[in-house]
Structures are given as C-alpha cells and as structure tokens.
Amino acid sequence: MQIPRPAAARPGAAALAGLLMLAAPPIQAQQLVPGLKGEVWFGVDLYSNDALFFGDGLGALGTSQRTGENILPRAETAIASRPADGTFVSTALNYPQDADTIKSSRAPATEIGGLEDFLGTDHATFTLRDGVTEPARPLEFSLWRFTGVMQLTPGVTYEFRIRSDDGNATWLGFDPATDPVFPTVAPNSFRASGTFDPTDPDVVCCRYRVTAEGDGLMPFKMLFYERQYDIGMRMQAATEQEGDAFVTFSVVGGEMLRHDAPVGVIPVPAAAGLLVSGLMALALVGVRRRRSAPPR
C-alpha cells in the first residue's frame, strides 16, 4: 500500500517555488543590447525618374528638387516596398572604418568596394534576407537605415555633426510609438548629396545640439543613401566647449548606441522564472498521477 506524503509537505514545496518566482524579475519581451539595428536596401536610386515606383510625378530630381520634402517620401516608399535586403549590427556610425570614402562604382573593378570594405568589423554580423543575392556592386544605389536609441549623459549638452557622401537624414528624441516614419520634431537634420571632405569645415552639415533629460535614453533614426562613385558617412559628437564652440569631436559609437533585442530573447533571471514554473507544473502533474494511481 502506498503511503501518501503529509499534506503539509505539498503546499510547502509549492510555496517555495512561488517565492522563487516572485523573486525573479518579470519576463521581458525585449531588452536593449549594444549597437544600432542596421539595414540596407540594394538598387535604390532616390533621384531616378522611376515614376511607376515612386508615383510622385516628379520624374528625375534635378539639383533644386533634391530636398527633404521630395527625397524622404521616396525613401519611405522604397523601405515600405520590401523588407531590408540585409541587416547587421552597427557598433559605430563610421563607414568605412579605415578611410574617409571608398568607391561604389565608376572606377576600375579592382577599386570598387564591397560590403565588407564599407562595414569593416560590423560585416561579421551582416545577414542577407532569404532569397536575396548580393549585387556585383552592392554599395551603388544603396539605401541604409540605422535605428535604436542613444544613451546620453543627463544634463549634458552634446553637439552632433554629420558628414556623408551621399545624403543623410537623422532624428533624435522622437516618440517611436506615435510619431510618423520620418518625424518632424526637432532635433532633426537632412542633407542631399554632397562631397565628403573632412578637411573642409564648410562641408560639415547637419550640426545640432541636444541636452538629454531623464535617464538620457533618446530614440534615434538615421537614413543614409549612396548613388555612385564615392561613399562615406560619419557622425561625431562633442561635449567639451571653448566659448560657444564645441571641440574634441569623436565618432558616435560604443556605449552610446543601443537597440532592441529580437522578440523572444529572455533575460537570464526571467528564464529562471520560467524554469521554476515549469518545474511546478511537472510537480503538479506528478501529484495528480499519484492521487489517481490505484493502491498497491
């Protein structure tokens, strides 16, 4: 005959497991991890006359038409047309990492750079979408998007500056839940195609200043696009001032950049809570089986 365990023992085990679950932090669907989410769309020319694709009736954009009002809707159309052709983790807004620019096209084949030349060490995280084949000249006519958050020091004023060839647009501190794809809230910046020349201060565009509040986390988004010939993009920040001028700029990267982990990634403490709940379920099944088993 099977001797049942004392009734008090069963609630004690359940109570202990319950306390373990209460001690564990709540399960989180997402958490911030290092770097920005990087995406690229191949074969996108935002200045082209592809009226069927863009549908804006503008045709090929002349120099005077290359404004944010015309280019950003075209970028939105291109991004909405299909998932990104490739994704990666951006550890610093500094491409290429070892030079100001590299060639995307219109040069001898031996001089044209590829994705690894452009992304540098970040290329180790690059993944093509299923069914996508990397073009022979992947950097030519490419559209890039970087999304995530910037971790700034609360109460400290930063000046950001951006150089790029070709164009870029950035947004900082908007509300991802309510603002449109391309927010109009400040601070934001836009620049059409230009020459990347780090020695010429007049070429530096898109300067703006930000003072972070609260925990210093500010949502961030950048678009960058390349047409032909030279490609390069660099975003820098400074907090040190001499008079009204900011000095000692450094590349935006490292601990400053964060993005959401993919849904389904569960922090270790939360995973421990799931383990405890699973053990509780197994224990309950065992108790029910013992109760329903015939006496020996």
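The values are calculated or read from the model by the stated rules, or taken from the named source; none is laboratory data. Keep in mind the model is a prediction, meaning the values are calculated, not measured. Neighbour counts are summed over all protein chains in view; Cβ atoms, including those assigned to glycine, are modelled from backbone coordinates with ideal geometry. Surface areas here come from the heavy atoms of the whole protein model, side chains and all, with no ligands, DNA or RNA. Shrake-Rupley method; radii C 1.70, N 1.55, O 1.52, S 1.80 Å.
Observations, loosely collected:
- Subset of region 112-159 [in contact (Cβ under 8 Å) with a residue 12 or more places away in the chain and of a type in the set (Asp, Glu)]: ASP117, ASP122, GLU134, GLU140, GLU159
- SER142 being open to solvent by less than 30 Å² (accessible area, probe 1.4 Å) and at pLDDT below 95: no
- Only one of the numbered conditions (1) in a helix (DSSP H, G or I); (2) crowded, with 17+ Cβ neighbours inside 10 Å; (3) not small (Gly, Ala, Ser) is violated by GLU69, and that is (2).
- From the options ASP130, ASP117, residue that is in a helix (DSSP H, G or I) and farther than 25 Å from ASP215 by Cβ: ASP117
- Residue match in region 148-155 (condition: under 15 Å from MET218 (Cβ atoms), open to solvent by 20 Å² or more (accessible area, probe 1.4 Å) and among the hydroxyl-bearing types (Ser, Thr, Tyr)): yes
- Qualifying residue in region 185-201 (condition: modelled with pLDDT of 90 or more, assigned to a loop (DSSP other than H, G, I, E, B) and either more than 21 Å from PHE249 (Cα to Cα) or open to solvent by less than 30 Å² (accessible area, probe 1.4 Å) (or both)): no
- Condition met for PHE88 (surrounded by 15 or more Cβ atoms within 10 Å (Cβ to Cβ) and at negative phi): yes
- Among residues of region 164-184 that are at pLDDT below 80, those with a Cβ under 7 angstrom from a residue that is part of a loop (DSSP other than H, G, I, E, B) and open to solvent by less than 30 Å² (accessible area, probe 1.4 Å), sequence gap 6+ or separate chain, pair up as PRO183/PHE174.
For (1) farther than 17 Å from GLU76 by Cα; (2) of a type in the set (Ser, Thr, Tyr), each residue gets a yes or a no:
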position: GLY155; (1), (2): yes, no
position: TYR158; (1), (2): yes, yes
position: PRO180; (1), (2): no, no
position: SER189; (1), (2): no, yes
position: ALA192; (1), (2): no, no
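- The one condition from (1) on the phi > 0 side of the Ramachandran plot; (2) not charged (D, E, K, R); (3) not in a loop (DSSP other than H, G, I, E, B) that TRP144 does not meet is (1).
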